[in-house]
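The values are calculated or read from the model by the stated rules, or taken from the named source; none is laboratory data. Computed from a predicted model, the values in this text were never measured in an experiment. So basically every Cβ, Gly included, is an ideal-geometry build from the backbone, and we count neighbours across all protein chains shown.
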Amino acid sequence: MTTHPATERSGGRGGRSARNPVGRAGYVFVSGYVLLLLAFGVLPTGYAVWLALSNSRNQLVGMGNFTRTFADYRFGPAFLHIGLYLVVWLASLMILVVLLALMLHGRMRRTSTSLRFLFYLPGALAGVASVLLFLILLDPAASPVGWLLKSFGWNTLAQVNAPGHLPVLFTIIAFWTGAGGWIVVMYGALNSIPDEILEAARIDGANTLQIALRIQIPMITKWIAYMLILAFAAGTQLFVEPQLVSLASWGMIPDSWSPNQLSYQYAFQAGDFNGAAALSVDLLVLGLACAALVVFRTGLFDRDKG
Amino acid sequence: MNNDVPVSSRRQLRHAAVAVLGAVSLLGLAACGSADPTPAATSSPAAFKPVAQEKGSEITVWADATRVPGVQAYQKTHPDVKLKIVTYSGDANGANDLQTKVQLFDRTGSGWPDVAFSANVNDGTWASQGKTPYAAPVNQDVIPQSTLKGFADGALNPCTFNGNTYCVRNDLAQNVLWYNKKLMDDFGYSVPTTWEEYQALGEKVVKEHPGYLVGTAGDAWSAEVYFWASQCPASTATGARKVKVDLRDSKCTRMAKLLDSLIAKGSVSKDTVFSAGFVKNEASKVLMLPGPSWFGQVLFNSTFKIPKGQIAAASPLKFEGDTKNYTGNVGGGLWFVSSHSKNLKAASDLVTWMATSDAYQGTAGTYPAYKKAAVTWLANQKKTGYFAEDVSPVFMESAELIWPGWSATQYSQEAIYSSTVIPALNSGKTLTDTLDTWQTAITDKAKSLGYTVN
Amino acid sequence: MRRTRRPRSLAARLAWLIVMGLFTLFFCVPVVWLLLATTKTDSQIVRDNPFSFGSLGEVADAWHHLYAFQDGAILTWLQNSALYTFGALAITLVTSIPAGYALALTQFIGRRMLLTITMLVMLMPTAAMVLPLYLGMNAVHLDGTIWSVILPFSFFPFGVYLTYIYFSSNVPSDLLSAARIDGCSEWQVFRLIAMPLAKPVIALVGFFNFVGNWNNFFLPFVMLPDSSQYPAQVGLNNLLAASPLFNTSSGTGNQIMRPELALATLVTIVPVLIVFLFSQRALVAGMLAGATKE
């Protein structure tokens, strides 16, 4: 199934190991990163897991924090919101990003570069900075897209922010700020496919669609898998978009709309770091389940596969 | 395609995963404590014990950008005091930055600011709680009683817990009845004094001058403007961490009905006054608007750009059956002195100056909570010549009329109203329909923070 | 560099134009609005047509108001942001590029475990990491120093993965084996073979690291005790909180309104856009190198 001609497994595993013996070089190369990983990844995560299993008096409480947060009246709605959001978000991101990257690829270089720049622009506006934008953007009376909002029958800020619209609204915002970056990544991935392969397919009579489906997409599977894992995790951990819209609408979005927001409420409003950690571990488990599925299905951890 | 994955390493990976899961679940089963979060300390220690004092040591002040120039002015007049000024959000707009940081400082046992300003009037609720509350009880020899007595009646209510005063109030946001005197005169209306007259006028406006407004119900603080004034028991503290919530009380339903009828007729808007849509299309059609004292300059002058000499304020309305008119309050900043401060003397002196001095409060943007400073402030307001009539008598009267039955809580009534009631109103429900949902939202939130609700 | 291809049908071209046109509008209209907002007064922003142009004089006014906020604090924020992000960028590149390379193209015990742990840590919600990181920094007495921000910023598992995927799907290990047979040391293989091919991924990693850190609000907010240390995002948050738009107790006489906020937003994203343009050039340059690799 390997399509990379240069990576035909000429030597096989045994052969490769022989030529690239298990040595110290690998350790040297990863050492700096491993130090950072331990200090700022493993230790904090370990501590967070410990928090989730203990109480404020440092006693082990088992699953207590999990059952306690599960029984919270906000738990169900928050996960339901996220579920709806994930469906809309993953579908639109995966399809549109790959589609746009394919459409940009193989075009005149200058057009493609400018378009990628334009698509990326909102990505720079990701932080606190964009509150002002949404303050105006979502208010049909002054919004540059007011006509569009009004055509849906939404004439006031409150109607735009109606609870039923939120998953789609947050998807649009997240896509607006996040898609450009992924398009750049996918474009880079597509670029690394040797021209010869595409040319050969074309000579064989393959049309654009066939090339995209049979050659380009299979060859960037790893990248797509990686995007899927991160997009899923980012989706379950949704935090910024509801906060922004809430700020821009003077609080019309509940402060615990998403599980990650709920976790934040636990930690910093109720001072309950243990409950907060339990919620985070819930999200971690969800992310890991998705990652495991994707890793095993696509062989993300294996080398020599495109 | 999975054939490429070496079986051995997949197995290793699974083994590792199983091992980790197993270890975690073992820990999970080995429970030996209760998962309840630390029960909130119901009573604070009787006497406040300051930490060892270091005379003349540097104090750290946290204030928002609006208050920082005041602190700098204090530094100029008190050059011998060592001050470190830190600008932060001031907890404006529902942020809880101060609480977030204090929680972290409590964990590490250092870092607390000696003095902190908060624009969130509810911050006293958590700052007075815990094993060692962040806020020092200023009534215990930190700030003189004579100074504390100089604040407007009830101004220190959001700071008072278990008989101690944990903060001092920077400003009041007492509600008054704002009206456009020019429009009222043009239309030949007189200013109502009761809610019944207000309702009648609201109905009359719809017939005679459709499009003009007598109020808004879509602001986060609408509950504090209308329901607080109506003496609705939506947030009545009955003890430490005990609160009464009863939106089915007739004092609540009477206001809900009044607003519902005016919303249905169209003279009360479901929008919020700060939204671009409102500013653009409705601002010039505001005939009356019950709202806080800061509406005058911040809303009518700066935001709505209503010309000079049109806006005036009238006394809060009362219900015909009631003996007295009451009003509500929308926000108002607090000053805290840290219980961990090593220089309480400098800290309390700064707080006293910021909250009470004519030099600072007399020209501040909002109505001073300290009575003497308020007189200076009102004189300065008169000098601006913005208002059609002197607002002083109305402001001073209403500052003392705030109904004491609505207490500060750790959760924000504004956040609950915005996220529960406003979306319901905009989906076509009436306030009366929404009271039950609203009641549940308040009760759930209160319980989640350890309150007993009855 | 690309060979001519068969002419596409008119319909296909039209479809391409329509799709690209729609997405360009989607991504750009709000940004254009933001640009125009700085040329107007607050009242014009609310009342006039969203796409009207005010005057350049208004931009100057907005800048004066913005600069007057805390005596030019905006410049301090930008300087701080630059210090934190570039400091972290250097450490990130030095650590994550070799790590990604080693994970993809060398053999060592624990490789899979490292990949798994990296993934696990990457999926951990940040809300839960704040307290442990804060306590950790406090324990080693780095809290309040610039290192409490730079070091966590430098930990960039996302970049390690990007590098890993890039090397594992683009650089054939046979190429490296050949070099080893020719007598290159592991360091030489990395330096002479892998690095020249790695330009695009270095550009990507550097760029995403820069943007992520530039826009990070919560970590510096938690770690830094002093407002003179604030980076742009924390500063902007204070600016927002000082505006009467969001802070009802801010009182009058405050000059921070919509045009000033729009301008502050634009000023803080300029560095991101510059870095983007640079990294794009490297991406294209790397692409050329990649095309000739075989």
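Quick look at the values:
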quantity	calculated
Residues (part of a helix (DSSP H, G or I), in contact with a helix residue (DSSP H, G or I) (Cβ under 7 Å, 6 or more places away or on another chain) and surrounded by fewer than 21 Cβ atoms within 10 Å (Cβ to Cβ)) located in the stretch B:278-306	B:Lys280
Some residue of the stretch C:123-138 being outside any loop (DSSP other than H, G, I, E, B) and over 22 Å from A:Val49 (Cα atoms)	no
Matching residues in the stretch B:377-419 - criterion: being among the hydroxyl-bearing types (Ser, Thr, Tyr) and farther than 20 Å from B:Leu156 by Cα	B:Thr384, B:Tyr386, B:Ser392, B:Tyr417, B:Ser418, B:Ser419
Number of the exception - B:Ser348 against (1) within 30 Å of B:Pro133 (Cα to Cα); (2) part of a loop (DSSP other than H, G, I, E, B)	(2)
All positions within the stretch A:65-78 that are within 9 Å of chain B (Cβ to nearest Cβ), closer than 17 Å to A:Gly271 by Cβ and not in a loop (DSSP other than H, G, I, E, B)	A:Asn65, A:Arg68
Residue tally, condition of a type in the set (D, E, K, R) and on the phi > 0 side of the Ramachandran plot, over the stretch A:265-306	1
Filtered residues of the stretch B:305-329 (kept if over 11 Å from B:Val176 (Cβ atoms) and either at the interface with chain C (Cβ under 10 Å from one of its Cβ atoms) or among the small types (Gly, Ala, Ser) (or both))	B:Lys305, B:Gly309, B:Gly321
Test for B:Ala379: is it among the small types (Gly, Ala, Ser) and surrounded by fewer than 17 Cβ atoms within 10 Å (Cβ to Cβ)	yes
Of residues in the stretch B:315-326 being among the polar types (S, T, N, Q) and at pLDDT below 95, the one surrounded by the most Cβ atoms within 10 Å (Cβ to Cβ)	B:Asn325
Counted residues, the stretch C:88-111 - those being facing chain A (nearest Cβ under 7 Å) and more than 21 Å from A:Leu300 (Cα to Cα)	2
Criterion: within 14 Å of chain B (Cβ to nearest Cβ) and surrounded by fewer than 23 Cβ atoms within 10 Å (Cβ to Cβ) - qualifying residue of C:Pro172, C:Pro225	C:Pro225
Segments classed as helices (runs of 4 or more DSSP H), wholly inside the stretch C:20-113, with at least 3 members that are farther than 30 Å from C:Pro152 by Cβ and in contact with a helix residue (DSSP H, G or I) (Cβ under 8 Å, 6 or more places away or on another chain)	C:42-47, C:56-68
Qualifying residue in the stretch B:63-82 (condition: more than 17 Å from C:Ser227 (Cβ to Cβ) and within 13 Å of another protein chain (Cβ to nearest Cβ))	no
Any chance A:Leu96 is part of a helix (DSSP H, G or I), surrounded by fewer than 18 Cβ atoms within 10 Å (Cβ to Cβ) and at pLDDT 90 or above	yes
Residues of the stretch B:83-94 satisfying the condition of being under 16 Å from C:Phe218 (Cα atoms) and more than 7 Å from chain C (Cβ to nearest Cβ)	B:Asp91
Residue pairs meeting the criteria (Cβ under 8 Å; at least 6 apart or on separate chains; first within 14 Å of chain A (Cβ to nearest Cβ), in the stretch B:391-415; second among the hydroxyl-bearing types (Ser, Thr, Tyr) and in a loop (DSSP other than H, G, I, E, B))	B:Thr409/B:Ser235; B:Thr409/B:Tyr451; B:Gln410/B:Tyr451; B:Gln413/B:Ser235
Test result for B:Ala312, surrounded by fewer than 24 Cβ atoms within 10 Å (Cβ to Cβ), out of contact with any helix residue (DSSP H, G or I) (no Cβ under 8 Å at 6 or more places or on another chain) and either in a helix (DSSP H, G or I) or modelled with pLDDT of 95 or more (or both)	no
Qualifying residue in the stretch B:276-298 (condition: more than 22 Å from B:Gly385 (Cα to Cα), among the small types (Gly, Ala, Ser) and in contact (Cβ under 8 Å) with a residue 40 or more places away in the chain)	no
Residue satisfying all of: in the stretch C:246-258; at pLDDT 75 or above and surrounded by fewer than 24 Cβ atoms within 10 Å (Cβ to Cβ); nearest to the other protein chains (Cβ to nearest Cβ) among these	C:Met257
Some residue of the stretch A:41-49 being in a helix (DSSP H, G or I), within 17 Å of C:Thr95 (Cβ to Cβ) and more than 14 Å from chain B (Cβ to nearest Cβ)	yes
Selection count where residues are hydroxyl-bearing (Ser, Thr, Tyr), more than 21 Å from B:Pro37 (Cα to Cα) and buried (at least 21 other Cβ atoms within 10 Å of the Cβ), scope the stretch B:421-454	1
Top-ranked residue in the stretch C:154-192 [being in a helix (DSSP H, G or I) and of a type in the set (S, T, N, Q); ranked as nearest to C:Ala82 (Cα to Cα)]	C:Ser154
Qualifying positions in the stretch A:177-188 - more than 8 Å from every other protein chain (Cβ to nearest Cβ) and without any contact (Cβ under 8 Å) to a residue 60 or more places away in the chain	A:Thr177
When residues of the stretch C:175-193 are limited to those that are among the hydrophobic types (A, V, I, L, M, F, W, C) and more than 10 Å from chain A (Cβ to nearest Cβ), the one farthest from C:Ile91 (Cα to Cα)	C:Ala179
Selection within the stretch B:142-158 - farther than 23 Å from B:Tyr367 by Cβ and either of a type in the set (S, T, N, Q) or not in a loop (DSSP other than H, G, I, E, B) (or both)	B:Gln145
Meets criteria (in contact with a strand residue (DSSP E or B) (Cβ under 6 Å, 6 or more places away or on another chain), within 14 Å of another protein chain (Cβ to nearest Cβ) and outside any helix (DSSP H, G or I)) for B:Asn139	no
